[in-house]
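Data first, discussion second: the structure below is written as structure tokens.
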Amino acid sequence: MPSPESEPTLVGAQAAEKRAAGVGATERSWQSRVPLLLAVPAAVALLFLILPLVGLVIRAPWTDAATVLTGAGALQALQLSLITATVSVIIVLLIGVPLAWILARPGLPGAALLRALITIPLVLPPVVGGVALFTVLGRAGLLGRPLYRLTGFAFPFTPYAVILAQVFVALPFLVLSVEGALRASDRRYEEAAATLGAPPVTVFRRITLPLIGPGIAAGAVLAWARALGEFGATITFAGNFPGTTRTMPLEVYLALETDPGSALLLSVLLLAVSVAVLVLLRERWMNRW
Amino acid sequence: MVAELSADLGVHRGDFSLDLDLEIGTGEVVALLGPNGAGKSTALRALAGLLQITSGKITVGGQVVADAAAGIHRPPHERPLGVVFQDYLLFPHMTVLDNVAFGPLVSGSDKREARRRAALLLARVGIADLAQSKPPAISGGQAQRVALARALATEPRLLLLDEPLAALDAKTHLLVRTEVRRHLADFSGATLLVTHDPIDASVLADRLIVLEHGRVVQQGTPLQVARQPRTDYVARLVGLNLLAGSGCGHRVLLPGGGAVELAEPVSGDVYIAFRPAAVSLFVHRPDGSPRNVWAGRIATLEPHGEGVRVEVGEVPDRSSTILAEITPSAVGDLDLRPGSEIWVAVKASDIAVYPTD
């Protein structure tokens, strides 16, 4: 009796295996087929993103690279850019993560309106952002005037103004990224921590922050890149003084008018620095979790 | 016995309302049993402080942790209790040891002391070797032990267990249940176990409280509840047929018009309970011995353990159904199938009767 019983099972299993293989094969070939209607625009998009970068690298006058890149102007601008962008991201983290945390709390009244307000700097032309900052923190601004009267200090035309401009444009990137991470995370871990005796601040520090670490890192990288590339708000609000407010993007823009070759080289340098930081951070942070 | 937990909790939200009076003594284990949506989890969350009560008062270990009238709602971290969550919620970014050490650490122990305590507890639940593992790398049964050790690490006065065994496969379930029972016996505080599994509840708890639609419908020892169910839900859980009616001499009159013959005289409103195995089925009307014989119609047939559960409709009156348990061969002999007409017989001596109040 056992053999006729086991035989059909074996045959059945083989048939099932064949069926599975067949299904897998058709699925693969079906999925790998891309209709022309999608392939063509996709290729256009890819080229549009990559070609300008290739052009930058090809057209840069590499023979002048040594003189341009080690020139006082370039190094000064690069240094200022790296310092201000980094300080900006630190400020963005310190004020942006708590804001994201509050935004992500369930049942927050007016959350939708708040979220819309936070998105405004994302869609606002940076020049307008710079003007807006001027009206508040300029020497004659709403807050700037009393500040100037009391202390004799004014933001415009200082590196602090550069940082303020960068924080203004970069903050939404971090807030939205961290809020998304918080929404995607399981908030019940926080409840579990609370029942173990952890007060809210401890819960935030020991549970929430580590759990949304990747989201924070991604947001910080985006914010840093945005701060590094900031141009419009900076030139409007902080001005364009070598050594104090002339960041790399301003240096590139200026060079384009006088010496296009060096503008290309500076652009490649900025590109290289951004890519290097992205790659390094990715290795260091993104794969940790 | 000193009441470690004394709660009169009311949670009213929209069209859901929960009212639960609860006292648990030192060392006592109480199971809160009920169907989905009965309010078990709401009760647990209210006790833990994760949800505000809208009326009533909760006292744990002698301290008032919530008093709706006085506006007192102590947050979870100020309540002397520990919770084992249904899916354990072990912190994925910490080692097993640090998970267990978390409670003592945030309540002020220094790091070494907290880790020493944690190691001790892990050894007690038999998983000392997993101390350095991360939670995603351990099995469900192991995670359950870690969760229990973590909840006990803060030396709570009240331990809340939310479906502690529901996430385990059948084999691990039995094993872990035995262990949990042992650890609960060692625990000096009060334990409230929330479950929908009557067997878990009976094995682990000294006393059962059955919750339906936010109200307590029955409470007592597991034996009392198993022998004398008071609602259809409880009757189904413990596997008994339950009918309610009013006693009149040797018979109980059912509200739908039927009657059940008893061996002893009764009076007043009563419940009648009998086992499905005590129900016999016949194709032709049986005669002879004094029993209850009714004509009905088969609703469903389902395998149950080694036998077959037959649900017979329109018995003893049009609005009731009765479960019978028969052997698979009897199903064939009687040619039973859904819709067929059948005679149902129950011996008077197999019927338990108890007052409704």
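Every number in this text was worked out from the coordinates using simple rules, so none of it is lab data. Note that the coordinates shown come from a computational prediction; the quantities given were computed from them, not determined experimentally. A quick note on method: Cβ atoms are made from the backbone with ideal geometry, for glycine too, and the neighbour counts reach across all protein chains shown.
Summary table below
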quantity	calculated
Inter-part distance where the range A:112-147 and the range B:214-264 are each reduced to a Cα centre, Å	73 Å
GNM top mover of B:L254, B:L122, B:L47 - chain B, alpha-carbon springs below 10 Å	B:L254
In Å, descending, principal axis extents of the Cα set of the protein assembly as shown	118, 71, 49
For B:V279, residues with placed amide H under 5 Å, excluding near neighbours	B:E325
Integer Hz, Karplus 6.51/-1.76/1.60 couplings in order for the range A:122-134, x for Gly and Pro	5, 9, 6, x, x, 4, 4, x, x, 4, 4, 4, 4
Most mobile listed residue (A:W224, A:W30, A:W62) in chain A, GNM with C-alpha springs under 10 Å	A:W30
Amide H contacts under 5 Å for B:H304, placed H, 5+ residues apart	B:R309
On Cα atoms only, tilt of A:159-184 relative to the major axis of chain A in degrees	20 degrees
Table column - 3J(HN,Hα) (Hz), the range B:126-135, Karplus curve with 6.51, -1.76, 1.60, x for Gly and Pro	x, 9, 4, 6, 9, 3, 8, 6, 9, x
Chain A: most fluctuating residue of A:S177, A:S81, A:S29 per GNM, C-alpha cutoff 10 Å	A:S29
Cα lying deepest toward the dipole's positive end in chain A, options A:V273, A:S29, A:T158, charges on Cβ	A:T158
Nearby lysines by direct alpha-carbon distance to B:K134 (threshold 23 angstrom, same-chain neighbours under 8 apart not counted)	B:K111
Farthest toward positive dipole pole in chain B [+1 Lys/Arg, -1 Asp/Glu at C-beta], among B:G339, B:L223, B:A147	B:A147
Part-to-part distance (alpha-carbon centres) for the range B:43-113 and the range B:275-354, which is given in Å	50 Å
Projected-area average for chain A over all orientations - Cα convex hull basis, square nanometres	27.0 nm²
Length-normalised contact order of the range A:159-289 in % [C-alpha pairs under 8 Å, at least 6 apart]	31 percent
HN-Hα J in Hz across the range B:247-253 - Karplus 6.51, -1.76, 1.60, θ = phi - 60°, x for Gly and Pro	x, 8, x, 8, 10, 10, 8
Whole-number percent relative contact order across the range B:3-235, with pairs defined as alpha carbons under 8 Å at least 6 apart	28 percent
Hits among aspartates and glutamates - C-alpha to C-alpha of B:K171 under 14 Å, sequence gap 8 or more where chains match	B:E179, B:D200
Other-chain or far-sequence residues with amide H under 5 Å of B:G220's (modelled H)	B:L208
